[in-house]
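> Below is a structure I'd like to ask you about.
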Amino acid sequence: MNYTQLFDTIQSYTENTFPDFTLASGGIETTTEQINRFIQQAEQRIYNTVQFPFLRKNMTGNVQSGNTYLQAPNDYLATYSLAVIDASGNYEYLLNKDVNFIRQAYPNPTTDVGIPKYYGLFGPAIVSNLITTELTFLLGPTPDAVYTVELHFYYYPETITTAGTSWLGDNFDTVLLYGSLVEAYTFMKGETDLLAVYDGKYKEALAQAKRLGDGMERQDAYRSGQYRQAVT
């Protein structure tokens, strides 16, 4: 299901064209803006419930000698792994620790140097009371040379409302549709009984999606054996 099909189906199921209306601030919220919001809210709920592999992203960069901080990508949400690659091409996976652990273990960033072993989420970088980056990592010990780092992280992919298509729309359109309908019908303050039907359909589709994302895609028949349904 692409964006146009999803848009039309939401209007058809709700029997509502969601006409433009005037906001309290005086602005106008259009039909497209309203329906896009429902879809994006549904995507966010799904992405925070099921860890599909397509929500993973991989990036490489460099840490500088003497700089104990590493800037996180702007679309970063959570870490799967962070590795430092030494001059020989060997991967050294860093352990996630709290910032106070790293500060205690390496109290002097100037003299406590070496290949990093730990990282912690430090928070946004602030210059002159302005946030200049969303998040940074604190490394310990302080890098003693320029190293390549590889970050494997969780992020939100581009929404179907701007991309036109998405993995979710192509492979699990049911959960996206009913998730959007729950958001739309809640906005409409629709009948409780029908909202419960939409919510039930959403949860049913979500369970199927979770079986794939958190189950089947994390195992194989060689190591885990084939799935067997109990016979009664």
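> Checking the a/c ratio against 1.5 first, then a/b against b/c, what shape does the Cα gyration tensor give for the range 1-84?
prolate
> Another question, if that's okay. Counting only residues 5 or more places away or on other chains, whose amide H sits under 5 Å from the amide H of residue 122 once H atoms are built in the peptide plane?
Correct list: 136, 137, 138.
> Separate question: Of 35, 230, 209, which is farthest on the positive side of the dipole of the chain, counting Cα position, with +1 on Lys and Arg Cβ, -1 on Asp and Glu Cβ, and the Cα centre as origin?
So the residue we want is 230.
> With +1 on each Lys and Arg Cβ and -1 on each Asp and Glu Cβ, and nothing else charged, work out how big the dipole of the range 62-166 is about its Cα centre, in Debye to the nearest 20.
Around 220 debye, computed over the range 62-166.
> While we're looking at this one, here's another question. From the phi angles alone, apply the Karplus equation (6.51, -1.76, 1.60; θ = phi - 60°) to the range 181-194 and give each ³J(HN,Hα) in whole Hz, x where the residue is Gly or Pro.
With coefficients 6.51, -1.76 and 1.60, one gets 5, 4, 5, 5, 6, 5, 4, 6, 6, x, 4, 4, 5, 6 Hz.
> With all protein chains present, how much of the accessible area of the range 131-223 (probe radius 1.4 Å) comes from carbon and sulfur, to the nearest whole percent?
51
> With every protein chain kept in place and ligands, DNA and RNA left out, what is the accessible area per residue of the range 19-121? Probe 1.4 Å, answer in Å².
57
> Strictly greater than 25 Å: what percent of every Cα pair in the range 11-143 meets that?
49
> Okay, moving on. How big is the C-alpha Rg of the range 71-113 next to the rule-of-thumb value 2.2 N^0.38 Å, as a ratio?
It is 1.42.
> Further question: Rounded to two decimal places and with Rh computed the Kirkwood way over Cα pairs, what is Rg over Rh for the range 130-232?
1.15
> While we're looking at this one, here's another question. Report, in deg cm²/dmol and to the nearest 500, the calculated mean residue ellipticity at 222 nm for the chain, where each DSSP H run with n ≥ 4 adds -39500 (n - 2.57) and the sum is divided by the residue count.
-11500 deg cm²/dmol, from helical runs alone.
> Obtain the radius of gyration and the Kirkwood radius of the chain from its C-alpha atoms and give Rg over Rh.
Answer for the chain: 1.09.
> What GluC sites (Glu not before Pro) does the range 25-73 have in DSSP loop regions with at most 14 other beta carbons within 10 Å?
Sparse-neighbourhood loop GluC sites (Glu not before Pro): none present.
> With every protein chain in place, what's the accessible area of residue 92 (1.4 Å probe, Å², nearest 10)?
90
The values are calculated or read from the model by the stated rules, or taken from the named source; none is laboratory data. The shown structure was predicted, so the numbers you read here are calculated from the model rather than taken from an experiment. Neighbour counts run over all protein chains shown; Cβ positions are idealised from the backbone, glycine included. To get the accessible areas, we keep the full protein, side chains included, count just its heavy atoms, and leave off ligands, DNA and RNA. Shrake-Rupley method; radii C 1.70, N 1.55, O 1.52, S 1.80 Å.
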